[in-house]
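This report refers to the structure that appears directly beneath it.
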Amino acid sequence: MRRAYFSLGSNMGDRAAYLRLGVDSVAAGRAVRLSQVYRSEPVGGVVQDDFWNLVMELATDEEPRALLELAHAAEAAAHRERRVRWGPRTLDVDIVWIDEVVCAEADLVVPHPRMYERNFVLVPLRELREDLVTPAHLAAAVGAVAPMGTLETLL
């Protein structure tokens, strides 16, 4: 059994409900650990509302491709539309890390190629896995983040 980490974000509609839907869809009844939820400024240059982000840890034996399918199913359940790259979305679910896994396929790269560039991933990931995120990583990453509380307190 290894640990997989997913970054979830939403900046449309009922953001807390979309994050809960994402967690429940990916976890599918399995035990998970969640970071706090963070308000984060959008990254990528598209003008849009702030995101709510969290990181989820899942203990799993599933292969990366099966985990990617879970992430895509969660986005589909939230009616995610891919109109503008890095644009507004009901739910974004990315695999950022899987213990002992390196994968470099056209549509699946693990560790996530931009995870160390983005504070909205690093700050919540550090709550769950301090060994993966150093102070130097945080200093080099972009994007302001602010803690909001747990997902349960925001629902």
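Before we move on, is Gly9 in a helix (DSSP H, G or I), in contact with an Asp or Glu (Cβ under 9 Å, 6 or more places away or on another chain) and either within 21 Å of Pro113 (Cβ to Cβ) or of a type outside the set (Ser, Thr, Tyr) (or both)?
Details: in a helix (DSSP H, G or I): no; in contact with an Asp or Glu (Cβ under 9 Å, 6 or more places away or on another chain): yes; either within 21 Å of Pro113 (Cβ to Cβ) or of a type outside the set (Ser, Thr, Tyr) (or both): yes.
Spelling it out, it is not the case that Gly9 is in a helix (DSSP H, G or I), in contact with an Asp or Glu (Cβ under 9 Å, 6 or more places away or on another chain) and either within 21 Å of Pro113 (Cβ to Cβ) or of a type outside the set (Ser, Thr, Tyr) (or both).
Which of the residues belonging to the stretch 23-54 are basic (Lys, Arg) and at pLDDT 95 or above? I'd like the intermediate steps shown before the answer.
First, pick out the residues of the stretch 23-54 that are basic (Lys, Arg): 30, 33, 39.
Arg33, Arg39 - these are the residues of the stretch 23-54 that are basic (Lys, Arg) and at pLDDT 95 or above.
Here Asp94 meets each of (1) in contact with a Ser or Thr (Cβ under 7 Å, 6 or more places away or on another chain); (2) modelled with pLDDT under 95; (3) not hydrophobic (A, V, I, L, M, F, W, C) with one exception, condition (2). The one condition from (1) farther than 20 Å from Leu132 by Cβ; (2) at pLDDT 95 or above; (3) surrounded by 13 or more Cβ atoms within 10 Å (Cβ to Cβ); (4) of a type in the set (Gly, Ala, Ser) that Ala66 does not meet is (3).
Filter the stretch 136-153 down to residues that are part of a helix (DSSP H, G or I), farther than 20 Å from Val43 by Cα and touching a Leu at 6+ places or on another chain (Cβ under 8 Å), then give me how many there are. Working first, answer last.
First, pick out the residues of the stretch 136-153 that are part of a helix (DSSP H, G or I): 136-140, 151-153.
From what's left, farther than 20 Å from Val43 by Cα: 151-153.
Checking which are touching a Leu at 6+ places or on another chain (Cβ under 8 Å) leaves us with 151.
Qualifying residue count, the stretch 136-153: 1.
Considering the stretch 97-128 alone, what residues qualify as being among the acidic types (Asp, Glu), over 13 Å from Leu54 (Cα atoms) and either out of contact with any Lys or Arg (no Cβ under 7 Å at 6 or more places or on another chain) or surrounded by 16 or more Cβ atoms within 10 Å (Cβ to Cβ) (or both)?
Restricting attention to the stretch 97-128, the residues satisfying the condition of being among the acidic types (Asp, Glu) are 99-100, 105, 107, 117, 127.
Still in the list and also over 13 Å from Leu54 (Cα atoms): 99-100, 105, 107, 117.
Glu105, Asp107, Glu117, listed by residue number.
Within the stretch 18-53, count every residue that is assigned to a helix (DSSP H, G or I) and surrounded by 16 or more Cβ atoms within 10 Å (Cβ to Cβ). Here the count works out to 9. Would you pick out the residues in the stretch 71-89 that are at pLDDT 95 or above and assigned to a loop (DSSP other than H, G, I, E, B)? Hit for the stretch 71-89 is Ala78, nothing else. For the stretch 131-155, the set of residues classified as closer than 15 Å to Trp97 by Cβ, surrounded by fewer than 19 Cβ atoms within 10 Å (Cβ to Cβ) and either at pLDDT below 95 or under 16 Å from the mean Cα position of the chain (by Cα) (or both) consists of Leu132 only.
The values are calculated or read from the model by the stated rules, or taken from the named source; none is laboratory data. Because the structure is predicted, anything quoted here is derived from the model rather than measured. Don't worry about glycine lacking a Cβ; one is built from the backbone with ideal geometry, like all the others, and counts go over all protein chains shown.
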